[in-house]
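Structure first, commentary second.
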Amino acid sequence: MPKAKVSTESYRESLLESLRNPDEAAQYLDACLDDEDPRVFLLALRDVAESRGGIRALSKDTGLNRESLYRMLSRSGNPSLRSLDEVLTAFGLRLAVRSAASDRRKRRIA
């Protein structure tokens, strides 16, 4: 019996499409911040950049050098707060701080 061919969309393509939405991108980046490895967040920022035209487009939007952005959004990246803010602003996002205590209460309810 021949196997039926199933057409599937690549997970990566679906992810990048969803990251074009600022609310989806914010939730994705927020979830990546929960990872113990800070490199996960930097790579997630790169995913969001890719979803919006790539590093070249991000460079134009932020005024930051492309090579600097590639380094900053790599596994070994170490962005300054100012650079991180510029990247997030280009994505239509902003930095925020919230109480860890309120996060623990929300997790108990869920």
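Read-outs: derived from the displayed coordinates by stated rules, not from any lab. Here the structure is a predicted model, which means the values were calculated and not measured. FYI the Cβ positions are ideal-geometry reconstructions off the backbone, even for glycines, and counts take in every protein chain you see.
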Which length gain, in nm to one decimal place, applies between Glu67 and Ala100 when the Cα-Cα distance is subtracted from 0.36 nm times their residue separation?
8.4 nm
Principal axis dimensions, largest first and in whole angstrom, of segment 14-59 by Cα
29, 20, 15
Calculated FRET value between Leu43 and Lys3, using beta carbons and R₀ = 25 Å, to 0.05
0.10
To the nearest 20 debye, what is the magnitude of the charge dipole of segment 1-96 about its Cα centre, counting +1 on the Cβ of each Lys and Arg and -1 on the Cβ of each Asp and Glu?
480 debye
Vicinal HN-Hα couplings computed from phi for segment 21-28 (Karplus, 6.51 cos²θ - 1.76 cosθ + 1.60; Hz; Gly/Pro x):
7, x, 5, 5, 4, 4, 5, 4
Would you tally the net charge around Ala25, using a Cβ to Cβ cut-off of less than 13 Å, leaving Ala25 out, and scoring K and R as +1, D and E as -1?
-2
